[in-house]
Amino acid sequence: MRLFVGIALPPDIKMTLGTLCSGLSGTRWVTPENMHVTLRFIGEVDRGAAHDLDAALSDVHVPAFEMRFTGIGNFSKKERLRALWAGVESNPALTHLQSKVEKAVQRSGFPPEGRKFTPHVTLARFKGQRVDLGHYLEANGAFSSSPFPVEAFTLFESRMGHGGSHYEVLSEYPLFDVSP
């Protein structure tokens, strides 16, 4: 099983993000149904390890919060574009949740994440070719979404299929309500 922990997005936010998925050739656009914010990539695990991970994630208790997307950026390696993304506005509550998830993942036997947490939703992936983002960023760089509630996080399984990855929800972990 190939697993990751993330935040599922509301349909209206996915639809808004989907409007950003055009205007560049040589890209593999992410379909709105696959859009999410990854809190921790796990990778290939057996069912026993998945069960232990589920138990550890069930012990994560943090308050619900609001989040919003703002700005467009990219990941590159040796000047080759790898991914185009919409960033998440700076959010201490999201950072706190990610930290708690990371600790739970490590408690269940996985090594620490080697990369710094950069909260984002991937919009497109590139196949290593050179792409000029200038016009796209000029048109979309000031993007921001409406704030939306984050009331849970999710353990997903990623399955390769026709047309790319498909994500299946394995478990959802509610965040606690802080309203009076």
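Tabulated results
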| quantity | calculated |
| --- | --- |
| Residues satisfying the stated conditions in the stretch 164-180, i.e. surrounded by fewer than 13 Cβ atoms within 10 Å (Cβ to Cβ) and either without any contact (Cβ under 8 Å) to a residue 12 or more places away in the chain or in contact with a Gly (Cβ under 9 Å, 6 or more places away or on another chain) (or both) | Ser179, Pro180 |
| Matching residues in the stretch 61-82 - criterion: being outside any strand (DSSP E or B) and surrounded by fewer than 16 Cβ atoms within 10 Å (Cβ to Cβ) | His61, Arg68, Lys78, Glu79 |
| Matching entry among Gly141, Gly109 (being touching a helix residue (DSSP H, G or I) at 6+ places or on another chain (Cβ under 7 Å) and either small (Gly, Ala, Ser) or under 18 Å from Thr19 (Cα atoms) (or both)) | Gly109 |
| Members of the stretch 100-135 found to be closer than 18 Å to Glu44 by Cα, in contact (Cβ under 8 Å) with a residue 60 or more places away in the chain and surrounded by fewer than 15 Cβ atoms within 10 Å (Cβ to Cβ), listed by number | Gly109 |
| Within the stretch 56-97, tally of residues that are touching a Ser or Thr at 6+ places or on another chain (Cβ under 7 Å) and of a type in the set (Gly, Ala, Ser) | 3 |
| Residue selected from the stretch 13-32 under the condition free of Cβ contacts under 8 Å to residues at least 40 places away in the same chain and within 18 Å of Phe148 (Cβ to Cβ), by the criterion surrounded by the most Cβ atoms within 10 Å (Cβ to Cβ) | Lys14 |
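Values quoted throughout were computed directly from the atomic coordinates according to the rules given, and no laboratory measurement underlies them. Please read all numbers here as calculations on a predicted model, not as lab measurements. Glycine gets a Cβ as well: all are built from the backbone with ideal geometry, and neighbour counts include every protein chain shown.
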